[in-house]
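Worksheet: the structure to be examined is printed underneath.
Computed from the coordinates by the stated procedures, all read-outs in this text should not be read as laboratory data. Keep in mind that this is a model prediction, so the values were computed, not measured. Ideal geometry is used to build each Cβ from the backbone, glycine not excepted, and the neighbour counts take in all protein chains shown.
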Amino acid sequence: MAREEIGELMAFVLVARTQSFTRAASQLGLSPSALSHAMRALETRLGVRLLNRTTRSVSVTEAGLRLLQGVAPRLEEIAAEVASIKQLRDRPAGTVRITATDYAANTVLWPRLRPVIARYPELRIEIVTEYGLSDIVADRYDIGVRGGDQVAKDMIALRIGPDRRFVIAGSPAYLASRPKLGTPQDLVQHNCINLRLPTRGGLYAWELRKGRRQLQVRVDGQVTFSGTYQMLVAALDGAGLCFIPEDLAEPHVKSGALQLVLEDWCPTSPGLHAFYASRREISKSLSVVIDALRYKTS
């Protein structure tokens, strides 16, 4: 159906209900003659008379009544749906889909979004945890969350956390049974807990840095996970060395359950960023979520 046909049907419904070209034309912002011409064009296209016209009144024919009864409810449904969509601009409602790592979901997303969903009961948030570098447009995500150095240049990026230091840690029992670590090359003598990256099709290379020297170390070990928290648990259980954000390791280091090694090689990386596709207008729901995630320095 052509766009002008929808307009003509909407005009026909208004004429039929008001029984007046003058009143209908006023509501539509048209002249009565222009509206009358549009109705004759509709009748010509359909091949039937829809309206009986006299100098004093307008009424529907039998065909017009059938069209009115069939079309009017559907047009009202469309109008109601369009109105509900427009309301999304004015209040947080509907679903915001986010892709993030488990670390980002646990440490940033959930703590900041928990009060948001309590405040806006019509808002739904779906967080999918994975370590792939998803195409958020193709995969129909509203927001992606990754390290600042992993955000594509064509995305709008928003810092949601401070820069992060990654550390190498192991349990005291594990370290006591293994050779001392003095350089990254010594990692070959150790059981290292790996992280698999699905979109890269391989294992994450530990990115170490000391001054201007940078190394990407391919470590080996008996255990591989697809999430940071499982790596932490394995390290606590003495399964080997893990390479994780310092804030995750810190409480266990303080308690003595973990010890840090090669600290002078542990790099600081760009903090977590939320990113989303460039849009001229964003929904109220997305705006509320973005504002809640925004990193606020003290």
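When each of the peptides 227-237, 250-260 is scored by how many other beta carbons lie within 10 Å of its residues on average, the order from highest to lowest is 227-237, 250-260. Using Cβ point charges alone (K and R +1, D and E -1), the dipole size of the chain about the Cα centre works out to roughly 840 debye.
Cβ crowding within 10 Å ranks 145, 48 as 48, 145, fewest other Cβ atoms first. Name the shape class, rounded, prolate or oblate, that the alpha-carbon gyration tensor gives for the range 164-269, where a ≥ b ≥ c are the square roots of its eigenvalues, rounded holds for a/c under 1.5, and otherwise prolate holds if a/b is larger than b/c and oblate otherwise. Rounded, because the longest to shortest axis ratio a/c is under 1.5. Starting from the Cα of residue 296, draw a straight line to each of the lysines and keep only those under 26 Å, dropping any in the same chain fewer than 8 residues away. Straight-line reach from residue 296, under 26 Å: 153, 284. Taking other C-beta atoms within 10 angstrom as a stand-in for reagent exposure, 37, 190, 273 fall in the order 37, 190, 273, fewest first. Between 70, 29, 111, the Cα set farthest toward the positive side of the dipole of the range 13-125 (charges on each charged residue's Cβ, about the Cα centre) is that of 29. Listed by chain and number, the lysines whose C-alpha is less than 25 Å from the C-alpha of residue 180, apart from same-chain residues fewer than 8 away, are 210, 254. Set against the 2.2 N^0.38 Å expectation for a compact globular protein, the chain has a Cα radius of gyration ratio of 1.64.
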